[in-house]
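A.B. asks: This is the structure I want to talk about, given as structure tokens.
Quick note: the coordinates plus some simple rules give every number you see, no bench work behind them. Just so it is clear, the structure is predicted and the values come from calculations on it, not from any experiment. Neighbour counts run over all protein chains shown; Cβ positions are idealised from the backbone, glycine included.
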Amino acid sequence: MNALIILAKGIDKINEYVGRFVSWITALLVVVVFGDVVMRYVFRISYVFTQELEWHLFGFIFLMGAGYTLLHDGHVRVDIIYQKIGAKAQAWINFIGCIFFLFPGCYLIISTSLGFVENSFAIFEGSPDPGGIPLRFILKSMIPLGFTLVWLQGVSLFIKSFLVIIGREEPKQEAV
């Protein structure tokens, strides 16, 4: 059991570090969008590179931050029932949800995106627009990487839920 706890904590630590890095990329995105708005509305100038950089950064934030969001239970869910049940019942929902939804969903996205990413790397895919970002294949590689982080965080959630179910670990009390 100690090995499972160590594994879960290790996965949590990885996603915590990735999430903190992503928060800095979010700050960078704010600066880029602000600069784009100023350039567009004050100077009446717009660059394809800047617009593509905005959605590249957003895509990176979304994909790489998803595991961190799962770590901190920030994903959207219908909490009508979940909030009103006990910790052990919540653990069962998370446990079953990992088995039937999270793991298969991550597997499907990772497995189907690998060929997509491989093709993008093979042709060094870039923007089709003049002045766009030439390294689009790097962003596309974030798809399987981001979902691998979600899958890993799902493994941690699965372990923690299992430990709560069998009574080996007390559920973490979240501040409301």
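A.B. asks: Just name one of ILE133, SER113, ALA91: the one whose Cα is farthest towards the positive end of the charge dipole of the chain (beta-carbon charges, Lys/Arg +1, Asp/Glu -1).
C.D. replies: ALA91
A.B. asks: Which links in LYS13/LYS160; LYS84/LYS160; LYS140/LYS160 stretch past 26 Å when you go from one Cα to the other?
C.D. replies: Details: LYS13/LYS160 14 Å; LYS84/LYS160 20 Å; LYS140/LYS160 31 Å.
Over 26 Å Cα-Cα: LYS140/LYS160.
A.B. asks: What is the ratio of the Cα radius of gyration of the chain to 2.2 N^0.38 Å, where N is its residue count, to two decimals?
C.D. replies: Values: Rg = 19.8 Å, N = 176, 2.2 N^0.38 = 15.7 Å.
Compared with the compact-globule rule of thumb, the chain sits at 1.26.
A.B. asks: Shifting gears a bit: Need one number: nm distance between label points at HIS72 and LEU28, each 7 Å from Cα along Cα→Cβ, rounded to one decimal.
C.D. replies: About 1.9 nm separates the two model spin labels.
A.B. asks: Using 1/(1 + (r/R0)^6) with R0 = 35 angstrom and r between the beta carbons of ILE166 and SER127, what's the FRET efficiency to the nearest 0.05?
C.D. replies: Details: r = 52 Å, r/R0 = 1.48.
Result of the calculation: an efficiency of 0.10.
A.B. asks: Each residue of the range 107-114 in turn: what ³J(HN,Hα) in whole Hz from Karplus with 6.51, -1.76, 1.60 and θ = phi - 60°, glycine and Pro shown as x?
C.D. replies: So the Karplus estimates, Gly and Pro as x, are 4, 4, 5, 5, 5, 6, 7, 4 Hz.
A.B. asks: At R0 = 22 Å, how high is the FRET efficiency between LEU7 and ILE81 if r is their beta carbon distance? Nearest 0.05 is fine. Numbers along the way, then the final one.
C.D. replies: Numbers: r = 29 Å, r/R0 = 1.34.
Using R0 = 22 Å, I get an efficiency of 0.15.
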